[in-house]
1. If we keep just the residues of region 51-81 that are part of a loop (DSSP other than H, G, I, E, B) and out of contact with any strand residue (DSSP E or B) (no Cβ under 7 Å at 6 or more places or on another chain), which is nearest to Phe26 (Cα to Cα)?
2. Testing Tyr137 on (1) surrounded by fewer than 18 Cβ atoms within 10 Å (Cβ to Cβ); (2) within 17 Å of Arg68 (Cα to Cα), one condition comes back false. Which one is that?
3. Is it the case, given these coordinates, that Leu142 is modelled with pLDDT of 95 or more and in contact with a His (Cβ under 7 Å, 6 or more places away or on another chain)?
4. Does at least one position in region 65-78 carry a residue that is surrounded by 13 or more Cβ atoms within 10 Å (Cβ to Cβ), touching an Asp or Glu at 6+ places or on another chain (Cβ under 9 Å), free of Cβ contacts under 8 Å to residues at least 40 places away in the same chain and under 25 Å from Tyr179 (Cα atoms)?
5. What helices (runs of 4 or more DSSP H) completely inside region 140-242 contain at least 3 residues that are within 14 Å of the chain's Cα centre (by Cα)?
6. Going by the structure shown, is Val89 modelled with pLDDT of 95 or more, in contact with a Leu (Cβ under 6 Å, 6 or more places away or on another chain) and not in a helix (DSSP H, G or I)?
7. Going through Arg45, Arg100, Arg28 one at a time, which residue ends up being farther than 19 Å from Lys123 by Cα, crowded, with 17+ Cβ neighbours inside 10 Å, touching a helix residue (DSSP H, G or I) at 6+ places or on another chain (Cβ under 8 Å) and of a type in the set (Lys, Arg)?
8. As an exercise: evaluate Asp71 against (1) modelled with pLDDT of 90 or more; (2) more than 20 Å from Pro115 (Cβ to Cβ); (3) under 20 Å from the mean Cα position of the chain (by Cα) and give the number of the one condition it does not meet.
Amino acid sequence: MSAESTSGVSGAEERWADGLGEETDFWRRWLAEKGGDWAFDYVWRTDPSSPLQPYLTDEIPSPGAVVRVLDVGSGPLTILGKTWGGRTVEITAVDPIADRYAELLAEAGVASLVPLVVGEAEKLSSLFPASRFDLVYAQNCLDHSHDPLRCIREMLAVVKPGCRVALVHAIDEGEAMQYAGLHQWNFREEDGRFVIWRDGLRVDVTDAVSAIADVRVESFPEHRYLSVVLTRHAPGSAPARWRRWMRRD
């Protein structure tokens, strides 16, 4: 059925809380093995000279000398590159179990290169000032949350007007993982629209946030991932659907 919210799903918050232990165990192994099969990822995340990824710099309009980026659901080490030629990149990482990750990093003898803040994506506006960041990013984490649409609204609240929220997630991860652990939601593209769903619930995010943001979604089924970019409306700007209407003959 269609809905306007992902809040209030029975047992969602309890399942999410139960799954956090599994997430901690994964990262403990990953740090101990220096990435294991993902050694390249470990090297990237621990390199202070790694460049901010071009697919993200392209989404930062009119960047200044200082660029503030928020990595939501970052894990113990942000995946974001730390440098951008001629600019200072200030990254803040936020994760609901950042305190556990700090302990894991200490055990592994690894230092975080960016501030690591304890906090849920559903509560970002209580952690950071409104319109603080030039870019807000989330990768493979919001489909693990207990209220993903609320997370997206909170991300839009802390990004600057005219700036963007960028999401990179697996397609239909809940189904693929049979709803085990944190994998409770599915993200997909339907006819150019961003949709969040699970059994008995479907939310058209493009429509749900249309009053505050325009949504661009690209699906790459051959690699089973989805890219979503939400641009927060600047003061006085018209939503994309209004602009399309006004251009009609």
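The values are calculated or read from the model by the stated rules, or taken from the named source; none is laboratory data. In this text the structure is predicted, and so the values were computed from the model without any measurement. We place every Cβ from the backbone using ideal geometry, glycine too, and count neighbours over all the protein chains shown.
1. Looking at residues that are part of a loop (DSSP other than H, G, I, E, B) and out of contact with any strand residue (DSSP E or B) (no Cβ under 7 Å at 6 or more places or on another chain), I get Pro76.
2. All conditions are met except number (1).
3. On the way: modelled with pLDDT of 95 or more: yes; in contact with a His (Cβ under 7 Å, 6 or more places away or on another chain): yes.
It is true that Leu142 is modelled with pLDDT of 95 or more and in contact with a His (Cβ under 7 Å, 6 or more places away or on another chain).
4. no
5. 148-158
6. The answer is yes for Val89.
7. Just a single option satisfies the conditions, and that option is Arg28.
8. (2)
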